[in-house]
Amino acid sequence: MEKAYFLCAVFILCCLACDSQDEILTPEAELLFKNASSTLTNSEKNEIFTLTQFQVAKNGKQFQFKDGTASGFPFDVVVYPVDLNRDGKEEIALQFGNSFTSGADGVSYHLFIKDTSKRYTSSFGFPGVLLLATTKNMNYPDILVGGAGFSPYPVWRWNGSAYEYFDTVERSVVESMPPVFITDASKAYVAALEDQ
């Protein structure tokens, strides 16, 4: 009888241990996140890589679009972890591109935020620089998109499931805020993580 209880307990513990393990990080997601200080699980990193629609370029060090667009112009990707709404859950900004894929700005951004079903959604994905405004909606900062020819600045607002175009704001208003580059917000977030 004791042996049956023991075997049952071992079986339950094995099931719990397997359930708590994270999936294996794909080589593509590993390359994407190799220089990032992130709290995401392997599963979350894999999900974000899949959503990017990138593939590893032939050189094995950079990325290109999965559909073959601009395959001769691979680009670097920089991962910027950040907690935009200060809820303890990490959002991920990806800076990617080059002058061929992103025009005069030379960079584009994806911003990945978990939705209510705990799946990541992507906002942006086009050329420009993301600036966090002091104004907020639903605890998320409005985001201004800056870059070559962006005046007035387009303002994007969180609607509960994604960032969508909201309004424009003149350069003089932006200069009086002043907004924070998403890259700087990420550096502060990562520094706070490292201090813990």
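Throughout, read-outs are computed from the coordinates displayed, never taken from laboratory work. This structure is a prediction, so every number in the text was calculated from the model and none was measured. Cβ: placed from backbone, ideal geometry, glycine included. Neighbour counts: every protein chain shown.
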Whichever lysines have a C-alpha closer than 30 Å to that of LYS136, once near sequence neighbours (fewer than 8 apart) are set aside: LYS45, LYS89, LYS114, LYS118, LYS187
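Enumerate by residue number the GluC sites (Glu not before Pro) in the stretch 132-196 meeting two conditions: DSSP loop (anything except H, G, I, E, B), and at most 14 other Cβ atoms within 10 Å of the site's Cβ. Don't skip to the end; give the middle numbers.
Details: sites: GLU164, GLU170, GLU175, GLU194; in loops: GLU170.
Counting only loop positions with at most 14 other Cβ atoms within 10 Å, the GluC sites (Glu not before Pro) in the stretch 132-196 are GLU170.
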Return P(r) of the chain (all Cα-Cα pairs; 10 Å bins starting at 0; whole %; ordered from short to long distances). 8, 30, 32, 16, 7, 4, 2, 0
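Before rounding to the nearest 500, sum -39500 (n - 2.57) across all DSSP H runs of length at least 4 in the chain and divide by the residue total; then give [θ] at 222 nm in deg cm²/dmol. Provide the component values of the computation, followed by the final result.
Working: 6 runs with 60 residues, N = 196.
So the calculated ellipticity at 222 nm is -9000 deg cm²/dmol.
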Work out how much length LYS61 to GLU170 would gain on full extension: take 0.36 nm times their residue separation and subtract the Cα-Cα distance, in nm to one decimal. 35.3 nm
Counting other Cβ atoms within 10 Å, which trypsin sites (Lys or Arg not before Pro) in the stretch 74-161 have at most 16 and lie in a DSSP loop? ARG86, LYS89, LYS118, ARG119
Distance between modelled label sites at GLN196 and ILE24, nm, 7 Å Cα→Cβ extension: 2.9 nm
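Could you work out the relative contact order of the chain, using alpha carbon pairs under 8 angstrom and six or more residues apart, expressed as a whole percent?
13 percent
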Cα long-axis angle, helix 182-195 against the chain (0 to 90 degrees, to the nearest 10): 40 degrees
